[in-house]
1. Between A:THR146 and A:ASP44, what is the spin-label point distance in nm, taking each point 7 Å from the Cα along the Cα→C-beta axis?
2. Between B:ASP132, B:ASP224, B:ASP187, where does the largest GNM mean-square fluctuation fall for chain B, given springs only between Cα atoms within less than 10 Å?
3. Applying 1/(1 + (r/R0)^6) with R0 = 30 Å to the Cβ-Cβ distance of B:ASP128 and A:GLU86, what FRET efficiency is obtained, to the nearest 0.05?
4. Which of the residue pairs A:LYS112/A:LYS201; A:LYS6/A:LYS113; B:LYS219/B:LYS243; A:LYS175/A:LYS316 have a Cα-Cα distance greater than 25 Å in the structure shown?
5. Compare each residue of region A:176-208 in its chain alone against the assembly with all protein chains, and report those whose accessible area goes down by 40 Å² or more; 1.4 Å probe, heavy atoms.
6. Run the quick spin-label model on A:GLU237 and A:ASP108: label points 7 Å from Cα toward the beta carbon, then report their separation in nm to one decimal.
7. Just read off the accessible area of B:HIS167 with the full protein assembly in place, 1.4 Å probe, to the nearest 10 Å².
8. Dipole size in debye (nearest 20) for region A:1-76 around its Cα centre, Lys and Arg Cβ +1, Asp and Glu Cβ -1?
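The values are calculated or read from the model by the stated rules, or taken from the named source; none is laboratory data. Quantities reported herein were computed from a predicted structural model and do not represent experimental measurements. FYI the Cβ positions are ideal-geometry reconstructions off the backbone, even for glycines, and counts take in every protein chain you see. Note: accessible area is taken over every heavy atom of the protein model, side chains too, but ligands, DNA and RNA are not part of it. Shrake-Rupley method; radii C 1.70, N 1.55, O 1.52, S 1.80 Å.
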Amino acid sequence: MDVTIKVRRFDPDADAPETYWQEFNFEIEDTATVLDALIKIREDMDGTLSMRCSCRSSICGSCAMRINGHACLACKTQARSVMDKENTIIVEPAGVMPVIKDLVVDFDLFWKKIEEVEPYLQPEGPEPEAEYAASNESMLHLSGVTACIMCGACVSDCTVMEVDPTFLGPAALAKAYRFTADPRDGDADGNSIDRLKQLVKPSGMWDCTRCAECVQVCPKGIAPMDRIMALRDQAIEAGIDNSNGARHAEAFVELVGHSGQIDELRLPVKTVGITNIPALMSFLPVGIRALTHGKMPPIFHKNIENVRNLRRLIKKLEEPKQE
Amino acid sequence: MKYAFFPGCVSRGGCPELYPAAKMICQRLGIELEEMPGASCTGAGVLQEKNELLGDALNARTFAMAEKLGLQIMTICSTCQGVMNQANYRMQKDPEYLALINSHLADEGLEYKGTAEPKHLLWILIEDYGLDKLKEIITRPLHGVRLAPFYGCYIVRPTEALDIEQHPERQTSLEQLIETLGATVIDFAGKTRCCGFPILTINEKNSMAMVAKHTSEVKDLGADAMITPCPLCHLNLDGYQPKAAAQAQRPIGMPILHMPQAIGLAMGISPKELGLQRHIMSVKPLLMKLDLVG
Ligand code: FES
């Protein structure tokens with residue numbers, strides 16, 4: 001079949017290095033992947049096209065790039081499935097990480113984040129007589145995370161890292177979860193308190209916006225965002241809840257449990273903490289602007305009908321967690 | 001056509017202009033709405049990070065109420081929509097999980113049978129109502145107006161729970177609507193990204209950076225306004241735009257329309273009735289273009 005591959009290119013060694021688009025029009029097999037097409041360009045049309053690839057079967061994680069604006073593995077993407085009506089496919093380097101040349105990006109940032117979460121088991125307390133034991137169940141659960149091939153697709157499309165490279169990001173946080181959820185890591189009960197204390201700091205687990213880009217683009221179904229949510233739950237359960245994020249989640253449950261609805265006036269106050277005067281003051285200009293435009297939420301929320309039923313349900317489902 | 005109406009908290013809270021605007025256009029479209037006064041908040045994904053089972057139970061409760069009415073649910077919020085879809089997805093694919101949740105609902109005599117198929121008004125217009133039919137009701141097409149779509153994360157991802165495979169048209173729904181209203185689509189890469197609202201009180205700097213990024217991008221592309229089916233996006237993109245512009249150190253001035261407001265304008269409803277004066281970012285330049293300021 002006929003295909004047009006539009007590639008975003010960059011050559012750092014050019015006289016005046018700049019990004020430009022180049023189109024290649026050629027024939028490929030119906031079953032070809034985008035990577036097959038790119039290799040064909042490199043071999044038959046333009047040997048200067050740079051990209052990373054090795055296994056061609058979504059194992060090595062080297063061929064992550066943006067195809068039609070979203071990160072994916074070029075070797076796992078059928079060309080046919082991503083062509084538009086004119087048989088065109090748009091190929092760009094991965095986002096967030098700086099481009100070295102063409103489709104090759106600098107993974108330095110990616111590895112630094114992984115290193116930051118100390119990706120190795122750290123058992124505390126006395127060593128066991130024989131080996132560290134872990135249940136089949138817990139290992140099965142972890143295999144969902146250890147399947148990560150470090151391709152960087154999630155980092156490429158992370159909406160937070162796009163504006164703030166200090167964020168730990170989806171790959172590193174999912175990696176962190178791989179250890180906090182490992183019964184061999186942390187104290188005798190498998191609780192990784194020290195890790196969680198590190199991870200609740202700014203630029204950590206609470207900075208995720210829950211946009212689900214990482215869940216969508218991960219080629220291995222790791223669902224990094226879901227792991228970040230699990231980390232948040234672990235932190236709250238472990239009583240490490242002195243953060244805006246934790247207060248936000250706890251206040252949310254409390255307020256919904258009261259009237260059945262979100263209370264937009266009380267939620268931010270409970271989130272930053274009632275004694276945090278500077279943060280509360282910072283809400284003022286926005287609040288006043290809202291007030292003068294008649295955009296203020298009601299001061300007293302009407303309860304939903306039969307709110308008692310809802311309160312009972314919430315009480316029942318929250319209680320076992322607090323024991 | 002009749003739906004069980006789930007307006008969500010924000011359309012009557014932080015964005016009080018949305019609820020009446022949505023009801024008004026539904027009335028003109030002949031879409032009947034039945035309220036569910038006992039329905040609670042969906043949990044908005046926040047409650048779920050603390051207790052997913054509880055979040056799913058709250059939504060199952062709402063679904064059960066709609067089943068009792070014999071109606072499908074209509075939402076007007078991308079976040080409500082996505083959170084409901086995710087809860088429904090977990091329950092529909094796992095009968096044991098559904099049974100567990102029903103065991104908790106039994107206390108108040110409710111049971112969710114698994115038949116809910118909540119739909120955002122945006123999807124309803126395309127899938128159930130038909131854009132051709134909508135076109136017939138348009139008396140003041142928004143010719144010459146350039147609108148940039150902004151979806152809100154929850155209504156585009158994760159695609160599995162949103163049944164995108166069955167409904168690929170959902171991925172371009174907002175663009176289709178803009179064209180039906182007679183306006184021009186300003187396409188941009190940020191349309192399916194995050195508005196930053198969920199981290200507003202957690203990392204305001206990042207949240208503002210997101211607002212500034214999207215609104216200034218469409219400003220530079222020549223958009224007259226942004227249009228969103230998500231009131232949470234509206235809160236941030238509209239309410240916090242002055243703060244975001246200050247942080248980004250550039251003027252922006254991008255009006256943000258709730259989806260039903262744009263439809264209402266094209267139906268000839270007055271800007272005032274649609275609550276446009278309640279926005280933080282002035283919509284005057286847009287109204288001037290439509291000859292509605294005088
Ligand atoms: S080439 Fe190895 S993952 Fe694509």
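1. Result for the modelled spin labels: 4.3 nm.
2. With Cα springs under 10 Å in chain B, the top fluctuation among B:ASP132, B:ASP224, B:ASP187 is at B:ASP132.
3. Taking R0 as 30 Å, the efficiency between B:ASP128 and A:GLU86 is 0.45.
4. Cα-Cα > 25 Å for A:LYS6/A:LYS113; A:LYS175/A:LYS316; rest within.
5. A:ASP207
6. Result for the modelled spin labels: 3.9 nm.
7. Its heavy atoms expose roughly 40 Å² to the probe.
8. Here region A:1-76 has a charge dipole of around 480 debye.
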